[in-house]
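Presented below is the structure to which this report refers.
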Amino acid sequence: MSITFENVEYIYGEETPIAYQALKGVNLHVEKGSFTALIGHTGSGKSTLIQHINALLIPSSGKVTIEDFEITRTKKPQLLKPLRKKAGLVFQFPEYQLFEETIEKDITFGPRNFGVSEEEAKQKARECLLRVGLDESYLERSPFELSGGQKRRVAIAGILAMDPDILVLDEPTAGLDPQGAKDMLDLFKDFQKSGKTVIMVSHDMNHVLKYCDHVIVMNKGQVEKHCRVEDLFKERDYLQQLSIDLPLMTDFIDKLNKNGFHIDHAINNMDDLIKEIGGELHE
Amino acid sequence: MLHVENLCFEYDEGLKTIDHISFHVEKGSYTTILGHNGSGKSTIAKLVIGLLAASQGHIEVGGIPLSVETLNDVRKQVGIVFQNPDNQFIGSTVRDDIAFGLENLCVPHDEMEGIIQEYAKKVNMLDFLDHEPTKLSGGQKQRVAIAGILAMNPHLIILDEATSMLDPKGRKEINELVRSLNQKNHMTILSITHDIEEAAKSDHVILLEKGHIIDEGAPENVLSDTKRIRDLGLDVPFAYQVSEELIKRGIPVEKTLDTEKLVKALCQLHSKM
């Protein structure tokens, strides 16, 4: 499903003394099947933007279109329910939203809410738990006795169980250990490979380089840049100005190239990097 | 400073989260406990400050054995900073929040303001004393949490993944602050982390897996086995990964943790061609 923003503005506390404009004239088009990183400082509008994608927030003015759903100020809220099923939003620290007695009940809650039969929802719960790397023995356990990383997996399984076409993730790997982070990111990559769309808020440029194809930079409520990932990392001055560090790999390539190497800047994985270095040394 | 002997703890009967652990944290040292999520790291922190009660074993902080009777004396010596500072804020302003711990220690009111100023300055948050803690950025929040702990003048600070939810800039700020507390103020630091770069810079590393200590010692010894580090679900430092892969392809470089060194070695090879 593609995502389009046309002239979207959002004001918190509109027509009150504490009114605050969080989005200003946002225009955006995210292709179906892409994996887009959303970056920018705290307060730049990232969270406000993503909450428009499943209509948790309705634009103060302008229009958001998710495939054939139009979200505008005048749209009746009850018409938006089907959209909520299609666009799964995973907040930061989703483990805080777990609430049921057992993991099975927690994961089936979403699908049951959208009218899926109990049998089918349980089947889905089993599948999704496996996808996030936990086996069936967890189904009957309480989500509250798990470790932080395991809770995160259960929370994400709960979103996957609704079978969304778009996955929107707010810093999904914060607080996870490196292996846990990699497992999660691989899972999202697989989700994308099945033809679905992923949007991920991230601060980790190593993740952005390795997993994402596009990147959106937010600044002061506006989309400042929307480009391919490799193009962003070419703009050293711009990144410095935003105090964003280069990914370790890009930085390493930079250092080699300053010393006579000619390695392709867009490389985003270890195999290619080693091949290129080997190639130059054996020429 | 901290002495732990034969410690056991289980959340569920028969499932030992902490399984006969013994270790020692030297006064003035920077010790890291390294392990993946679920290895029992945070449980150790909670046991040390008596938030959880061990099923077996012995904990001694600054010479005081931890028991129900000594709980308050032990807690006076230990400050703990958790992963998510939001869980730790009490006051409605930064000033009130730092004051909270002081009030509990019965610090006279007229001394309080001076102490608050001193520690807010130390963490570079002096301009924010009247701000609401919840409206600060992640790095700022964590600094306020640390100021609140420092103001109570603990001998030992435990950081329980205190930087894992911060952005790279916030993480850098906190790591520098903690390092200077250790080096300039000789504060004993016990950092629970999965950041291998932080562990590499500490004095002593304890490697934890499934509630057991599988190795401990100086970082260069404990961290050199990259296969084990990977098996534990931790990251191998980037320069180490690259040098390892290059060696596999027959390129004559040395294994190193240092990016600059690796760049230099490769450039020398390149210039000889």
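The values are calculated or read from the model by the stated rules, or taken from the named source; none is laboratory data. Small disclaimer: the values here were computed from a predicted structure and weren't measured. When we count neighbours, we look across all protein chains shown, and the Cβ atoms used for this are built from the backbone with ideal geometry, even at glycine.
The figures follow:
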| item | result |
| --- | --- |
| Elements of type helices (runs of 4 or more DSSP H) in segment B:91-164, at least 1 residues being touching a strand residue (DSSP E or B) at 6+ places or on another chain (Cβ under 6 Å) | B:138-150 |
| Among (1) among the small types (Gly, Ala, Ser); (2) under 18 Å from the mean Cα position of the chain (by Cα); (3) within 13 Å of chain A (Cβ to nearest Cβ); (4) assigned to a loop (DSSP other than H, G, I, E, B), the one test that B:Ala199 misses | (4) |
| Where B:Lys41 falls short, out of the listed (1) among the charged types (D, E, K, R); (2) under 28 Å from A:Gly180 (Cβ atoms); (3) more than 14 Å from chain A (Cβ to nearest Cβ) | (3) |
| When residues of segment A:8-27 are limited to those that are surrounded by 11 or more Cβ atoms within 10 Å (Cβ to Cβ), more than 21 Å from the chain's Cα centre (by Cα) and of a type in the set (A, V, I, L, M), the one nearest to A:Leu38 (Cα to Cα) | A:Ile11 |
| For A:Pro247: the one exception among (1) closer than 20 Å to A:Phe188 by Cβ; (2) of a type outside the set (A, V, I, L, M); (3) surrounded by 21 or more Cβ atoms within 10 Å (Cβ to Cβ) | (3) |
| Filter result for A:His52 (part of a helix (DSSP H, G or I), in contact (Cβ under 8 Å) with a residue 12 or more places away in the chain, within 23 Å of A:Pro164 (Cβ to Cβ) and not acidic (Asp, Glu)) | yes |
| Flag for B:Ala99 being more than 23 Å from B:Glu209 (Cβ to Cβ) and crowded, with 16+ Cβ neighbours inside 10 Å | yes |
| Residues of segment B:4-31 satisfying the condition of being within 14 Å of chain A (Cβ to nearest Cβ) and acidic (Asp, Glu) | B:Glu10, B:Asp12, B:Glu13 |
| Top-ranked residue of segment B:237-251 - restricted to ones that are modelled with pLDDT of 85 or more and part of a loop (DSSP other than H, G, I, E, B), ranked as farthest from the other protein chains (Cβ to nearest Cβ) | B:Gly250 |
| Residues being at pLDDT below 85 and either among the hydrophobic types (A, V, I, L, M, F, W, C) or surrounded by fewer than 20 Cβ atoms within 10 Å (Cβ to Cβ) (or both) - total across segment A:83-94 | 2 |
| Where a residue in segment B:244-273 is without any contact (Cβ under 8 Å) to a residue 24 or more places away in the chain and under 18 Å from A:Met249 (Cα atoms) and its partner, wherever it lies, is of a type in the set (Ser, Thr, Tyr) and part of a loop (DSSP other than H, G, I, E, B), with Cβ under 6 Å and at least six apart | B:Leu262/B:Thr256 |
| Residue selected from segment B:57-93 under the condition within 14 Å of chain A (Cβ to nearest Cβ) and among the polar types (S, T, N, Q), by the criterion surrounded by the most Cβ atoms within 10 Å (Cβ to Cβ) | B:Gln83 |
| Residues satisfying the stated conditions in segment A:267-283, i.e. part of a loop (DSSP other than H, G, I, E, B) and at pLDDT 90 or above | A:Ile267, A:Asn268, A:Asn269 |
| Residues of segment A:94-146 that turn out to be more than 27 Å from B:Ser42 (Cα to Cα), among the basic types (Lys, Arg) and either outside any helix (DSSP H, G or I) or within 24 Å of the chain's Cα centre (by Cα) (or both), as a count | 2 |
| Residues of segment B:22-56 that turn out to be within 18 Å of the chain's Cα centre (by Cα), of a type in the set (A, V, I, L, M, F, W, C) and surrounded by 16 or more Cβ atoms within 10 Å (Cβ to Cβ), as a count | 9 |
| Members of segment A:215-234 found to be touching a Cys at 6+ places or on another chain (Cβ under 9 Å) and of a type in the set (Asp, Glu), listed by number | none |
